[in-house]
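In what follows, a structure is listed as structure tokens, so that the remarks can point back to it.
The values are calculated or read from the model by the stated rules, or taken from the named source; none is laboratory data. Keep in mind it's a predicted model, so treat the numbers as computed, not measured. We place every Cβ from the backbone using ideal geometry, glycine too, and count neighbours over all the protein chains shown.
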Amino acid sequence: MIRDLHNDLISKKITSVELTERYFSVIEKKEQEIGAYLTITKELAMAQAKLVDEKIAKGEEIDLIEGIPSAIKDNICVDGVRMTAASKILDNYVAPYDATVIRKLKDCGAVFLGKTNLDEFAMGSSTENSAYQVTKNPVDTARVAGGSSGGSVAAVAAGEAVWSLGTDTGGSIRQPASFCGVVGLKPTYGRVSRSGAVAMASSLDQIGPIANSVEDCAIILSRIAGEDILDATSAKSGDKKFEDYLSGNIAGKTIGVPKEYVEGLDGEIKNVFEKSLEKFKSLGAKIETISLPHSGYALPTYYIIMTSEVSSNLAKFDGIKFGLRADDENDAEASGDELPKKLLETYLDTRKIGFGEEVKRRIMLGTYALSAGYYDAYYLKAQKVRALIRKDFEDAFKQVDFIYSPTAPEVAFKIGEKSKDPLKMYLSDIYTITANLAGVPAISFPIGTVEMEKKQLPIGGQLMGKWFDEEGMLNAAHTYEIN
Ligand code: GLN
């Protein structure tokens, strides 16, 4: 898709301004129903598109993604553009600089249509925790698009952007990609700089691309990857062009299917998954059953480590440095308190009014897990189990090239179906969180659909690769996709 549009631009079939306008007209038509965007950046997009057209007119060479319209999750800073992270606490916040990924994309001539909806601070699996709106699944608008990057994914699935950026702490790129029938990639931890993305859980967060094809994701990854002086955890990875590794051949590769992941599968998802295994076999891959013995501990481990890091990362939102400050009469009324007079009251009231329920729940859980007397029993223990989970992957990757499972244990659920039950919601991440805990790259791509209420609901398959083997993993998913 990106390549086709690029060819249309350089052969002057269409200008970038026309292409961008075309996407804005889709947005105009569909946004009311889908709710993918929180902020539209039309002026910025048109200015970016114009520059590209000038370059083309002068006969200059343009990059593959130059002039092609995209969307950015609203927890990634774009200089001068409002960034809410879907929280009331950042309602009036304007980003004062570009995230590293944004700077890199701007250098390539990308066009940004707007900022997309998410669960507040990326905490959730459905965008129902957004302080602003619920993003609908374009396949069936009675259902969630998934989350937390639901806006970025729905934008691509609804044709409101060619590609987008999301963030993935426990599955936030992959689970919505699975729900909406598009491709979503979480890179290896450290592959992409996190500088300028609002931190949720810093040891798990990664920025990654969402698009209509594996190749498009590879193209975007090549342009955002690399070491960054502003993120000490970013790794040197050269300037690999991941799209050049898509040979379309996986003969002889070994794909491991963890028995712990597929034991509980049933019904249609199981059928679709088994068919996809047959397809991998027909492409020359060997399928092996493997064990990731500590999988059963992944969810509790994630919810202790993630909430601990959340409680620390979100301490900075106190009414002084960023966004909302509860220091006037109206805010005091909203919080039901007397006028706040002291500094502590400003902190407390700001956080009381500014944060939503799920964010508060996680801050409290994390603060508890980190507190003296409980640290050893919870946080330290969780870190030890995390090491065991990582070891499971090290052992498995001695035996196989990739690990494969469904992305989620379910298809997109109905809006409201789980929003009252956080534990049920957490289970949506059962297959995705291990990649974040271990730090390996993972990709979700469409492998079939299940018919429900006359709608064909998409199912995603998830491939996980060895640390920094995005090229191998992308090639495996690409080979599946094109055959
Ligand atoms: N759904 C998961 C959670 O609620 C993952 C979120 C994410 O990856 N940002 O924590």
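Data overview
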quantity	calculated
Some residue of region 205-212 being under 29 Å from Val139 (Cα atoms), surrounded by fewer than 24 Cβ atoms within 10 Å (Cβ to Cβ) and in contact (Cβ under 8 Å) with a residue 12 or more places away in the chain	yes
Neighbours by Cβ (under 8 Å, 6+ apart or cross-chain): first from region 152-167, part of a strand (DSSP E or B); second polar (S, T, N, Q) and surrounded by fewer than 24 Cβ atoms within 10 Å (Cβ to Cβ)	Trp163/Asn212
Which numbered condition Phe179 misses (of (1) over 25 Å from Gln383 (Cβ atoms); (2) in contact with a helix residue (DSSP H, G or I) (Cβ under 7 Å, 6 or more places away or on another chain))	(2)
Pairs where the first residue, in region 219-230, is closer than 14 Å to Asp107 by Cβ and of a type in the set (Asp, Glu) and the second is part of a helix (DSSP H, G or I) and modelled with pLDDT under 95, C-beta under 7 Å, 6+ apart	none
Those residues of region 410-430 which are under 28 Å from Gly190 (Cβ atoms) and either of a type in the set (Val, Ile, Thr) or away from the ligand (no atom under 12 Å from the Cβ) (or both), in sequence order	Ile430
Residue among Ile56, Ile27, Ile34 that is β-branched (Val, Ile, Thr), more than 24 Å from the chain's Cα centre (by Cα) and modelled with pLDDT of 95 or more	Ile56
Residues (among the aliphatic types (A, V, I, L, M) and either in a loop (DSSP other than H, G, I, E, B) or within 15 Å of the ligand (Cβ to nearest atom) (or both)) located in region 169-193	Ile173, Ala177, Val182, Leu185, Val192
Which listed residue, of Ala201, Ala142, is outside any helix (DSSP H, G or I) and within 16 Å of the ligand (Cβ to nearest atom)	Ala201
Condition met for Thr84 (under 22 Å from Pro187 (Cβ atoms), within 16 Å of the ligand (Cβ to nearest atom) and hydroxyl-bearing (Ser, Thr, Tyr))	no
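The rows are residues; the columns are (1) touching a residue at least 40 places away in the same chain (Cβ under 8 Å); (2) over 20 Å from Thr20 (Cβ atoms); (3) of a type in the set (Gly, Ala, Ser); (4) in contact with a helix residue (DSSP H, G or I) (Cβ under 9 Å, 6 or more places away or on another chain).
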| residue | (1), (2), (3), (4) |
| --- | --- |
| Ala47 | no, no, yes, no |
| Asp63 | yes, no, no, yes |
| Asp74 | yes, no, no, yes |
| Val78 | no, no, no, yes |
| Ser87 | yes, yes, yes, yes |
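Every residue, every condition in (1) within 16 Å of the ligand (Cβ to nearest atom); (2) not basic (Lys, Arg), yes or no:
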| position | (1), (2) |
| --- | --- |
| Ala95 | no, yes |
| Ile102 | no, yes |
| Phe112 | no, yes |
| Glu120 | yes, yes |
| Gly124 | yes, yes |
| Gln133 | no, yes |
| Lys136 | no, no |
